[in-house]
Amino acid sequence: MMRTKVCMFVWNHFTNDARVMRECTALSEDAYDVDLICIHDPKDPNLKTFEEYNKHFRVHRVKRYPESLLFFQMIAKKLRQNKFLLLLAVLLLLLLVYLMPIPVIICTLFALIVLKTKLKTAIVRGSIILRMILKGTKRKYDIYHSNDLNTLPQGYICSKFRLKKKQLIYDSHEVQTSRTGYDSSFYGKLEAYLIKKIDAMIVENHTRAKYNEDLYGFYPHVVHNYPFKQTEVNIEKIDLHSLLNLTEKDKILLYQGGIQTGRGLENLVKAAPKFIEGILVFIGDGRIKRDLEKMVDEMGIGDKVKFLPKVPLAELPKYTRNAYLGFQVLNNVCFNHYSASSNKLFEYMMAGVPVVACDFPEIKKVVQKEKTGIIVDSHDPGSIAEGVNQLLANPGLRSELSKNCRKASGIYNWLKEKERFIAIYETMRGRKA
């Protein structure tokens with residue numbers, strides 16, 4: 001049987017992207033042949049530029065930096081490390097300025113600008129986009145699939161800038177017009193333009209689908225961000241107590257995920273001294289991790305708060321199973337956060353770990369309906385502490401909520417969402433773009 005060829009784009013290194021992994025795997029196990037194009041990380045020497053996950057699912061990582069920029073960076077690094085070379089370089093530069101003043105001054109200024117200003121970011125991103133487009137046009141694909149707005153231009157150019165147009169799916173994991181880091185009106189205008197060019201759109205939940213309908217006039221497909229269901233044989237644990245030099249009596253109060261702004265993590269640290277027992281553990285990395293570590297030091301609560309780096313996606317459940325409870329305490333800093341039903345909520349559920357969660361519509365709906373945790377005001381450290389202490393002081397309640405988590409995992413898992421996802425692709429096959 002001829003397989004439908006799919007080219008998918010994602011703007012990350014594809015090392016911990018659970019949703020994209022599930023989607024690509026599902027397609028490759030069905031009637032599709034998938035090439036995923038993502039970004040290489042030059043800081044990770046073990047990360048491959050090409051990987052074959054199975055016979056019908058391959059990953060291609062394009063270079064992050066253009067060769068000219070790498071050359072400038074290498075020269076700058078060598079000069080910083082060696083004062084003698086730096087002196088020689090200065091003398092040579094002065095000689096060249098004397099011999100050819102205008103060209104040398106222009107080239108020097110350009111090099112400094114590229115290395116030190118926003119132009120560097122523009123060059124890097126432009127290079128990545130171009131490499132993705134070139135990679136996306138090397139093979140004949142039937143369907144293009146762009147994950148989030150930052151790869152939609154690539155998908156649009158590859159699928160529509162041709163005589164025989166191809167299908168284009170826009171899989172928006174976030175609310176692109178209201179999310180942290182996307183403050184410029186440019187993103188809204190870009191999405192509003194490109195969304196008219198797509199053939200199908202996927203969003204994470206119905207709150208976001210309704211938002212999209214109000215904004216653009218159509219209701220997209222909904223594929224929830226549910227993880228793979230954990231089976232009874234998946235009970236292996238990595239001993240977090242030993243790893244963190246804790247006693248068996250120490251209850252682990254777990255946050256796993258990106259250490260980023262808007263996720264209520266500062267409030268977790270502020271709440272930690274009010275917990276009647278237990279150790280707050282962060283597993284993950286991100287921009288504000290150092291700030292949180294500094295905050296813990298200044299508060300003198302290093303014995304109550306511990307940090308671990310992010311772990312491979314496949315290994316994460318082995319850590320999660322150690323937790324007495326888990327946190328999902330997003331702050332309402334944008335509609336993207338307010339409307340989230342993040343993978344983290346369901347990862348705790350799969351491990352039988354009750355949650356202390358924020359009072360946002362999609363999260364609250366699941367937690368209260370299935371009775372899998374405690375809802376708190378995620379902006380108030382006092383409210384967070386009350387929720388935590390309620391579970392700490394009542395092991396019977398915690399046990400009941402844990403049982404509800406395992407029961408609910410039969411509903412909120414990828415097995416059911418996979419059928420919806422494949423059905424979207426089935427409607428695309430053979431349809432004219």
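Before moving on, here are some points about what is shown:
- Residue match in region 306-325 (condition: over 28 Å from residue 415 (Cβ atoms), among the charged types (D, E, K, R), out of contact with any His (no Cβ under 9 Å at 6 or more places or on another chain) and free of Cβ contacts under 8 Å to residues at least 40 places away in the same chain): no
- Residue match in region 277-285 (condition: farther than 17 Å from residue 335 by Cβ, acidic (Asp, Glu) and touching a His at 6+ places or on another chain (Cβ under 8 Å)): no
- Among the residues of region 124-145, those identified as within 23 Å of the chain's Cα centre (by Cα) and either at pLDDT below 95 or within 19 Å of residue 40 (Cβ to Cβ) (or both) are 124, 125, 126, 127, 128, 129, 130, 131, 132, 133, 135, 136.
- Among the residues of this structure, residue 246 does not count as one that is in a strand (DSSP E or B), of a type in the set (A, V, I, L, M, F, W, C), within 24 Å of residue 323 (Cα to Cα) and assigned by TED's automatic domain parsing to the domain that holds residue 338.
- Picking from residues in region 326-364 that are in contact (Cβ under 8 Å) with a residue 24 or more places away in the chain and among the charged types (D, E, K, R), the one that is farthest from residue 399 (Cα to Cα) is 362.
- Helices (runs of 4 or more DSSP H) lying entirely in region 353-429 (those with 1 or more residues that are closer than 30 Å to residue 25 by Cα): 361-370, 395-408, 414-428
- Of the set (1) assigned to a helix (DSSP H, G or I); (2) among the basic types (Lys, Arg); (3) closer than 17 Å to residue 343 by Cα, all apply to residue 263 but (1).
- Meets criteria (surrounded by fewer than 22 Cβ atoms within 10 Å (Cβ to Cβ) and over 21 Å from residue 258 (Cα atoms)) for residue 387: no
- The numbered conditions (1) in contact with a His (Cβ under 7 Å, 6 or more places away or on another chain); (2) touching a residue at least 60 places away in the same chain (Cβ under 8 Å) are all true for residue 236 except (1).
- Restricting attention to region 216-271, the residues that are of a type in the set (Ser, Thr, Tyr), more than 30 Å from residue 199 (Cα to Cα) and buried (at least 16 other Cβ atoms within 10 Å of the Cβ) add up to 2.
- Residue list for region 331-344, filter: closer than 14 Å to residue 359 by Cβ and either surrounded by 22 or more Cβ atoms within 10 Å (Cβ to Cβ) or of a type in the set (S, T, N, Q) (or both): 331, 332, 337, 339, 340, 341
- Checking region 286-305 against the condition returns no match, with no residue being touching a residue at least 60 places away in the same chain (Cβ under 8 Å) and not in a strand (DSSP E or B).
- Restricting region 18-37 to residues that are hydrophobic (A, V, I, L, M, F, W, C) and out of contact with any Ser or Thr (no Cβ under 9 Å at 6 or more places or on another chain), the residue that is nearest to residue 315 (Cα to Cα): 18
- Failed condition for residue 218, given (1) part of a loop (DSSP other than H, G, I, E, B); (2) in the same structural domain as residue 323 (by TED's automatic domain parsing); (3) at pLDDT 95 or above: (2)
The values are calculated or read from the model by the stated rules, or taken from the named source; none is laboratory data. All of these numbers come straight from a predicted model, not from anything done at the bench. Reconstructed Cβ throughout: ideal geometry from the backbone, glycine too, with neighbour counts over all protein chains shown.
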